[in-house]
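Written below as structure tokens is the structure these notes are about.
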Amino acid sequence: MSKGEQATEPGALVDLTAREALPLLLERYGDKLYRLGIRVCRTEDEAADLLQDVFVIALRKWDQFEGRSEPSSWLYTIAVRACRRRHRRRAGEPAEIPSLEELLPSGGSAVPAPPEEDDPLDSVLRKETIERVDAAISGLPVEYRLPLVLKELAGLSVAEVAEILDLPEGTVKTRLHRGRLKLREVLVEDLPTRETPPPDHSREVCLDLLQAKQEALDRGVEFPVHSGELCSRCESLFATLDLTQEVCQRLGRNEMPPRVRSLVDRRLASESSGPS
């Protein structure tokens, strides 16, 4: 562990003043918080404003950080509250997304053909597809967008997301599951299709398997059922869900632009220029 990482451990942070701690936290978590802002606020300028708000609030409330939780959880909680204050439903933004049942693939004979395991992602997903998935994230209602961005782009656990959003874990999972399926609909538009025979088991079995697959994605573990034991329809669905998650993770790699770092640094310097 580097000296910077050691300095941002909860126990070490409580011994620092706000002026000492906030630059360290900006260095370590600024990129992730900026990515949250981009996906929730939708524009770089709004994301930059949000990031400044987060660190100014953290500066003013530094005495409330007691070191019992991870600093990232504390900062994300501040960010989510700031997002909600800023968010106003825009024209055309849906209040809801379809139910899990409605988001399931149709019963036609053709299914998306995801890439083979040894095919590089770039050979299958064009830049336009990734941009469409990114736009689809921004088009989700904020109640679904926040859990998905925190879990899939920021890499937090379901328990951490539930704590940050002040929601039951079951509610977070339901919103994640529907959000993933909605993004999958966008992703598969660019994939080729193949004909497949009808499943040899009931739809209820497919739904049970889908629930188990989503739970595995929630926990970040391997799905316990081998692909050879699945019907071709479930195999395609699960493979494209994996691909959707991989695209989300790629979208979660953006870095905070230097100009945004400068804006936050200047705001912090201005706010902390008086006696602490």
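Counting alpha carbon pairs within less than 8 Å and at least 6 residues apart, what relative contact order, in whole percent, applies to the range 13-66?
Numbers: 28 pairs, mean separation 20.9, N = 54.
It comes to 39 percent, rounded to a whole number.
The apolar share of the surface of the chain, taken as the fraction of accessible area on carbon and sulfur atoms (1.4 Å probe, ligands and nucleic acids excluded), comes to 48 percent. Largest to smallest in accessible area, the residues 232, 202 fall in the order 202, 232 (1.4 Å probe, all protein chains included).
When the Gaussian network model of the chain links Cα atoms closer than 10 Å, the mean-square fluctuations of 214, 249, 64 top out at 64. Let me have the relative contact order for the chain, percent, based on Cα pairs under 8 Å that are six or more residues apart. Worked out over the chain, it gives 26 percent.
For residue 200, the solvent-accessible surface computed with a 1.4 Å probe is close to 140 Å², ligands and nucleic acids excluded. For the residue pairs 61/182; 127/151; 151/213, the alpha carbons lie more than 26 Å apart in 61/182.
Highest mobility in the GNM of the chain, judged by mean-square fluctuation with C-alpha springs under 10 Å and restricted to 165, 237, 207, is found for 207.
The values are calculated or read from the model by the stated rules, or taken from the named source; none is laboratory data. Nothing here was measured: the structure is a model prediction, and the numbers come from that model. Side chains are part of the model used for accessible areas, which takes the heavy atoms of the whole protein and leaves out ligands, DNA and RNA. Shrake-Rupley method; radii C 1.70, N 1.55, O 1.52, S 1.80 Å.
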